[in-house]
Amino acid sequence: MPDRIDIFTDGGCSGNPGPGGWAYVLIKNGEMLTYASGSSAQTTNNIMELSAVINALESSILMEFNEINLYTDSQYVKNGITTWIFSWKKNGWKTASKDPVKNRELWEKLDILNGRIKVNWCWVKGHAGIKYNEMCDSLVRKEMQKYL
């Protein structure tokens, strides 16, 4: 059974809301194993960022990896799953300002996946020349073009 992989993810949309795309790249020992992407005609940036991570983790679990270094350029995703989600669940899926958590169904799905596999959550600066982050960004833009 393979041990550990690196995953880069990205999501975005043209307008917010607007046409969007998500993408991920799986890397093992410095070599790209696979990648995937998808799109939606009408979505938000945050939904696409979450979709990228969810799809990547689902794929990793199917491939039976047991540890992942997951790189995202989304502070929303990284902070949400590593910090904010504990308060959200404790407070009945309400934010600190007592508003319902946006994208709750995606957060619940991500929470389940995050509990099934060891994920080291890493933030990377977007558009900073990081090879696989840039590849994901390019895939996202290609997905958005389907609707523009």
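Worth pointing out:
- A simple rule links phi to the HN-Hα coupling: the Karplus curve 6.51 cos²θ - 1.76 cosθ + 1.60 with θ = phi - 60°, which for region 142-148 gives 5, 5, 4, 4, 4, 10, 9 Hz, with x for Gly and Pro.
- Summary of the geometry: region 64-83 and region 44-59, compared by the centres of their Cα atoms, lie 10 Å apart.
- Under Karplus coefficients 6.51, -1.76 and 1.60, residue-wise ³J(HN,Hα) of region 70-86 in Hz, glycine/proline x: 9, 9, 10, 9, 9, 4, 4, 5, 4, 5, x, 7, 9, 9, 5, 4, 5
- Each residue of region 112-128 is assigned a 3J(HN,Hα), and the resulting list reads 5, 4, 4, x, 8, 8, 7, 10, 9, 7, 10, 9, 10, 6, x, 6, 10 Hz, derived from the Karplus form 6.51 cos²θ - 1.76 cosθ + 1.60 (θ = phi - 60°), x at Gly and Pro.
- The value given for region 1-105 is a Kirkwood hydrodynamic radius of 14.7 Å, derived from the mean inverse Cα-Cα separation.
- Over all distinct Cα-Cα pairs of region 14-62, the Kirkwood formula returns a hydrodynamic radius of 11.4 Å.
Quick note: the coordinates plus some simple rules give every number you see, no bench work behind them. Predicted model, so just to flag it, every value in this text is computed and none were measured.
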